Each structure stands twice: as C-alpha cells, then as structure tokens.
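Q: Have a look at the structure that comes next, please.
Bear in mind that the values in this text are calculations on the coordinates, not laboratory data. This structure is a prediction, so every number in the text was calculated from the model and none was measured. Cβ placement follows ideal geometry from the backbone for every residue including glycine, while neighbour counts extend to all protein chains displayed.
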Amino acid sequence: MDNKALTTQEVADMLKIAKNTVYELVKRGELNSYKIGKKLRYSIEDVENYIEQSKTIKPLNNTSQYRSDENKTFNSSSTDNSFVICGQDLMLDILSNYIERHEKGVRALRSYIGSYDSLIQLYHGKVNVATCHMWDGDSGQYNVPFVRRLLPGIPAVIIHLTYRMQGFYVAKGNPKNILTWSDLKRPDITMINREKGAGSRVLLDENLRLLGIRGSSINGYNREAESHLIL
C-alpha cells in the first residue's frame, strides 16, 4: 500500500470535488486527516474509508443514518421532508450540502449506489433524484434509452449536468499497450471490473457485446470493485 501523504488538493482531485468541500468533510468528521505543521494531510486509507463509509444513505448533519439494504424502505413521499439523492457521482455531495444549508426543514439524504440501481429506486418511488451515466450500444446515446426502459409510465425530467472522460486505468507508460476494448481479451491482460449496475460496467459490457466478446473470456472480469479508487 502506498503510504504517501496526500495534500488537500490531491484528495480533491481524486474525489473530483472542490478543495473547500474536502475541508468541509474533515470538519464534519467524515474524512480522517492529520497535520504536518499547519498543513492537513491524508492517507490513501483515509480516502478509501471515506468512500466505504459513504455507501449509506444519511443526512449531512449526521442526526440519523440510513443504510441502503433490503431491511430499510425509503419513501421519497414521506412526511419528514427528506430529499433522497441517489447515485455515486461525488458532486452530489455538494448538492446535498447546498440543500441542507439553503432549504430550511429539508434533510438531504444520500444513497451511494450505481446508475442502474439508482433508476430502479426512482421507479419504485424510494428516491427523489437518480443520477446515471450509462451508454446504450444500439443507439449510441447516454441515459435516455435506459430511462425509457426502466421508468415506464413514470414522469421524469432529465437534466444534463456534466461531461466526463471515460477510459482505462493502466500502469504508467501503458507497458502492455492497451488501446482498445478488444485488447482486454488478450491472454497477457488482467483487468479489474466495476460492480454490476455501475455506469462504467455498463459501458464495458455494451462494448464487449458489440464486439462479440464474452466477459468470461477476459482475465479478471469477475473481480469487482465498488469505486474507481479501490483496486
């Protein structure tokens, strides 16, 4: 494990959030840190633990906590003024924080699950907002085809929030020269996958389908991680 001390800016870059948001997470006790002189520093373990602990639905003020498991039913129409935002996009933490600060009496709750499951939760009326980034290989479109399939008869508004780059994480210098999806089937390549329902997993599976490649033929395909940072 790399024991390098991370700066606040490096953590912000890793989590794709603002530097001030990192300070806010530390202030709320959600992200561990330590000081070297007057500077805050973080370990890789600090960041990974934050991601793992965040995979629950909870209000940012920590007055109560909700786990996203089969034993708990979430209902966005409940009378306790809870506003549930579903998805793994880290910018949603900023949105939750904004709602907590500017909408009096509203509790912003977060559910950290993948794109596919987020839409399922929206269909069942258990969340108010579901974010997704899923590519459909037949149409070449993101999100819209999945919303139509998974939300039949449910009125929905789709808001395009941001673009982001998708690609392969490879060793420095890309020594195995991994350039295309078809390279993954080479016997000298071993990969690690995202969990089913994650946008990155859907992107991979759709491209493999179009190429006629079975996931089971790829080394490491069944090894899953629930975050880009946990390998």
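Q: With Kirkwood's inverse mean 1/r over C-alpha pairs for Rh, give me the Rg to Rh ratio of segment 7-47, two decimals please. Walk me through the numbers on the way to the answer.
A: Details: Rg = 9.2 Å, Rh = 10.1 Å.
Taking Rh as the inverse mean 1/r over Cα pairs, Rg/Rh reads 0.91.
Q: Can you pull the three principal axis extents for the Cα set of segment 95-165, in Å, largest first?
A: 44, 30, 20
Q: From the phi angles alone, apply the Karplus equation (6.51, -1.76, 1.60; θ = phi - 60°) to segment 46-52 and give each ³J(HN,Hα) in whole Hz, x where the residue is Gly or Pro.
A: Here the 3J(HN,Hα) series is 4, 5, 5, 5, 4, 4, 5 Hz.
Q: Taking amide H atoms as placed 1.01 Å from N in the peptide plane, list the residues 5 or more away in sequence, or in a different chain, whose amide H sits under 5 Å from that of Ser82.
A: Residues meeting the amide H criterion: Arg107.
Q: On to the next question. Per 0.36 nm of contour for each residue apart, how much would the distance between Ile159 and Asn20 grow if the chain were fully extended, relative to their Cα-Cα spacing? Present the calculation step by step, with values, prior to reporting the outcome.
A: Numbers: separation 139, 0.36 × 139 = 50.04 nm, distance 2.53 nm.
Difference between extended and current length: 47.5 nm.
Q: Quick one: 3J(HN,Hα) in Hz for segment 209-215, Karplus 6.51/-1.76/1.60 with θ = phi - 60°, rounded, Gly and Pro as x.
A: 4, 5, 8, x, 9, 7, x
Q: Using θ = phi - 60° and the Karplus relation 6.51 cos²θ - 1.76 cosθ + 1.60, list the HN-Hα couplings for segment 193-202 in order, rounded to whole Hz, with x at every Gly or Pro.
A: 9, 8, 6, 4, x, 6, x, 5, 5, 4
Q: Given a Förster distance of 41 Å, report the FRET efficiency between Ala171 and Lys104 from their Cβ-Cβ distance, rounded to the nearest 0.05. Numbers along the way, then the final one.
A: On the way: r = 50 Å, r/R0 = 1.23.
The pair Ala171/Lys104 has a calculated efficiency of 0.25.
Q: I need the trypsin sites (Lys or Arg not before Pro) found in segment 16-48, filtered to DSSP loop residues with at most 11 other beta carbons within 10 Å of theirs.
A: Numbers: sites: Lys16, Lys19, Lys27, Arg28, Lys35, Lys38, Lys39, Arg41; in loops: Lys16, Arg28, Lys38.
Counting only loop positions with at most 11 other Cβ atoms within 10 Å, the trypsin sites (Lys or Arg not before Pro) in segment 16-48 are Lys38.
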